[in-house]
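A.B. asks: If you scroll down you'll find the structure; I have some questions about it.
Computed from the coordinates by the stated procedures, all read-outs in this text should not be read as laboratory data. Since this is a predicted model, take the numbers as computed values, not measurements. Note that each Cβ is placed from the backbone with ideal geometry, even for glycine, and that neighbours are counted across all protein chains shown.
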Amino acid sequence: MADPSSYRPKPGQIPDSPGVYKFRDENRRVIYVGKAKNLRQRVANYFQDLAGLHPRTRTMVTTAASVEWTVVSTEVEALQLEYSWIKEFDPRFNVKYRDDKSYPYLAVTLNEEFPRVQVMRGAKKKGVRYFGPYGHAWAIRETVDLMLRVFPVRTCSAGVFKNAARTGRPCLLGYIGKCSAPCVGRVTPEEHRDLAEDFCDFMAGRTGAYIRRLEKDMMQAAEEMEYERAARLRDDAEALKRAMEKSAVVLADATDADLIAVAEDELEAALQIFHVRGGRVRGQRGWVTDKVEAVDTSGLVEHALQQLYGEERGDAVPKEVLVPALPEDTEAVSQWLAERRGSQVSLRIPQRGDKKDLMATVQRNAQQALGLHKTKRASDLTTRSRALEEIAEALGLDTAPLRIECYDISHLQGDDVVASMVVFEDGLARKSEYRRFQIKGFEGQDDVRSMHEVIGRRFKRYLQEKERTGEWEEQPTDTPADGPAATGPVPASSPVLAPAAGDGESPADAREEPREDDGRPKRFAYPPQLVVVDGGQPQVAAAKRALDELGIDDIAVCGLAKRLEEVWLPDDDDPVVLPRSSEGLYLLQRVRDEAHRFAITYQRAKRAKRIRTSPLDDVSGLGETRKQALIKHFGSVKKLRQATIDEICEVPGIGRRTAESVAAALASTAPAAPAVNTATGEIIEEDDGGSS
């Protein structure tokens with residue numbers, strides 16, 4: 001625990017202008033980001049008597065080891081920079097909302113030649129128009145099914161579209177009138193795009209004009225005694241009305257607005273957002289967060305606005321944003337929203353009428369969401385705390401192991417040997433810090449030797465980061481020829497800590513040079529309190545030996561053997577047997593099983609990649625992009641093998657020299673024997689382009 005006075009800035013050192021400040025811990029990791037109109041006043045508040053600070057603020061300042069700041073011109077710039085840093089550094093003491101589910105959107109891919117209507121989840125893509133979010137994917141499909149009568153836009157995948165274009169026959173929707181069949185040329189690309197844009201206009205709330213137009217055309221067809229056409233137009237209008245009825249009118253003035261409500265207690269907060277477009281509720285979603293910083297309702301609203309609109313532009317930011325409490329600096333937040341929309345945005349608290357009534361509904365949803373979340377998580381919080389305490393007691397640790405790393409070795413009969421490292425913090429998986437290793441120190445099957453190699457490589461990197469940040473002084477160390485000395489940390493200049501080429505850690509390249517310290521989480525910068533290995537006494541001994549060779553003696557090691565779920569400690573002849581009902585044992589099992597899952601997934605992917613090879617892999621200088629271009633152009637490796645050099649040169653990006661190399665590589669590779677369907681005797685033609 002750090003003393004805040006040890007890193008308190010000197011009087012007059014902090015400017016009194018707007019800016020953003022960062023607190024860092026002893027490992028230089030950014031743990032909190034904040035903004036202020038007046039940096040001097042705001043930062044000074046953190047260095048008052050600890051007894052006068054909020055408990056969460058007190059925890060933050062005693063965890064921190066330094067503070068730094070960046071001056072900006074306006075409060076709006078400070079708001080934007082704060083959002084960018086929170087997203088970049090993921091500080092542990094900042095409020096971060098998390099979705100309680102992955103919400104589906106109705107998406108129209110206007111970035112394609114023939115736009116497609118489909119269900120999409122995840123990050124939004126440029127050039128795609130989104131509507132929603134919806135509570136369920138089936139709700140989107142019901143709406144789309146009704147609207148395809150009037151707006152027969154393409155909904156098929158790229159593969160189905162290309163197959164229909166190749167055969168000249170549309171899919172079933174094209175035959176029943178729910179697709180305009182651009183794949184076979186029934187409509188031009190321009191006509192199909194007009195249909196897609198009309199679809200988007202209707203979904204955006206401009207509904208009245210389309211229904212009135214359909215009803216007018218229906219009456220005209222009836223007068224001209226074209227009764228079949230009139231009946232079809234009548235059914236189209238009814239379909240659009242049914243689609244509209246699925247979202248009832250909630251605001252009579254047909255406004256576009258987002259309504260945000262917050263339900264909170266001392267520890268957690270739940271947020272509900274209703275997206276109203278054209279006076280109708282078009283989407284709803286909910287977020288929850290732990291109140292890891294001292295924050296009131298206005299602060300929660302400000303954080304929510306940053307997360308909700310930080311990546312949005314244009315119409316995705318509505319004209320009105322209704323909130324239960326205004327942010328501290330309402331003017332700056334409103335200006336920031338207006339810049340993102342491109343026009344004025346009204347940020348206010350509803351006072352009367354339909355909007356106040358709807359806000360009460362959103363608030364009830366937030367209260368119910370918080371109650372449901374606490375019901376599901378209350379026992380989980382208690383259970384995780386008890387589990388960590390039981391592990392500390394069973395292993396004789398001074399404190400509960402808040403960070404646990406677990407390692408597992410995976411292979412298939414000695415081939416494709418890999419290892420996994422999974423991280424649990426506060427009893428929960430932290431997947432962003434998972435790592436994968438390739439075993440390259442030797443070949444064959446030897447789990448004990450593999451475990452020693454992996455632990456050694458991981459903690460060599462930790463010592464490198466520790467030495468680079470100057471946490472310990474470099475000391476001369478004698479290193480015998482047969483291995484490193486076990487007499488304390490070895491400086492980065494030692495052969496022990498030199499980066500090993502092809503270390504195999506993923507996702508980053510092991511040969512990457514250390515970057516400047518910027519507060520981002522490094523690959524191996526933070527030590528665990530407990531290392532768990534999947535295995536028994538031999539694996540535990542190997543892990544402990546690797547740590548001893550590096551002079552690391554402040555990290556506990558244990559192993560969990562699958563046979564009897566026994567916990568093994570270094571240098572102990574007998575295992576620690578935890579009760580079957582022990583929460584600590586359950587947590588160790590979850591950690592071990594997650595490491596096993598992560599390792600075997602990587603091992604299978606590596607094996608599949610090795611098996612699925614192509615003759616094009618041997619062509620020097622031919623990257624993945626040009627390989628795909630060749631396969632896409634010719635359809636398969638078989639057809640590419642039959643092509644001439646001049647035909648290969650027709651592929652964009654392929655020069656004559658490369659074409660000659662491709663032709664030579666394919667000519668030197670004998671075609672594989674044809675596959676045969678044993679039931680029919682039919683020869684199965686190669687058509688997927690994956691291998692020859």
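A.B. asks: For the pairs Lys125/Lys609; Lys126/Lys355; Lys35/Lys374; Lys35/Lys356; Lys162/Lys639; Lys87/Lys291, flag any whose C-alpha to C-alpha distance is greater than 21 Å.
C.D. replies: Lys125/Lys609; Lys126/Lys355; Lys35/Lys374; Lys35/Lys356
A.B. asks: If you don't mind, there's one more thing I want to ask. Provide the packing ranking of 436-442, 8-14, i.e. peptides ordered by the mean count of other C-beta atoms within 10 Å per residue, highest first.
C.D. replies: In decreasing order of mean packing, 436-442, 8-14 become 436-442, 8-14.
A.B. asks: Place the peptides 187-197, 343-353 in order of packing, highest mean first, counting for every residue the other Cβ atoms within 10 Å and averaging per peptide.
C.D. replies: 187-197, 343-353
A.B. asks: I would also like to ask the following. How fast does the stretch 228-362 diffuse by Stokes-Einstein, in µm²/s, taking the Kirkwood radius from C-alpha pairs at 20 °C and 1.002 mPa s?
C.D. replies: 131
A.B. asks: Assuming a ≥ b ≥ c are the square roots of the Cα gyration tensor eigenvalues, decide whether the stretch 120-235 counts as rounded (a/c under 1.5), prolate (otherwise, with a/b larger than b/c) or oblate.
C.D. replies: oblate
A.B. asks: Per residue Cα convex hull volume for the stretch 1-151, in cubic angstrom?
C.D. replies: 159
A.B. asks: A further question follows. Averaging the inverse of every distinct alpha carbon separation and then flipping it gives the Kirkwood radius. What is it for the stretch 299-445, in angstrom units?
C.D. replies: Mean inverse Cα-Cα distance, inverted, gives 20.6 Å.
A.B. asks: Sticking with this one: Can you give me the relative contact order of the stretch 330-451 as a percent, contacts being Cα pairs under 8 Å and 6 or more apart?
C.D. replies: Averaging sequence separation for qualifying contacts and normalising by length gives 15 percent for the stretch 330-451.
A.B. asks: Moving on to the next point. Using only the alpha carbon atoms of the stretch 1-83, find the Kirkwood hydrodynamic radius as the inverse mean reciprocal pair distance, in angstroms to one decimal.
C.D. replies: The Cα-based Kirkwood calculation yields 13.0 Å.
A.B. asks: How would you order 282-288, 651-657 from highest to lowest mean count of nearby Cβ atoms within 10 Å?
C.D. replies: So the order, starting with the most tightly packed, is 282-288, 651-657.
A.B. asks: Per-residue HN-Hα couplings for the stretch 291-304, Karplus 6.51 cos²θ - 1.76 cosθ + 1.60 at θ = phi - 60°, whole Hz, x for Gly and Pro?
C.D. replies: Coupling constants for the stretch 291-304: 7, 7, 10, 6, 9, 9, 4, 5, x, 4, 5, 5, 4, 5 Hz.
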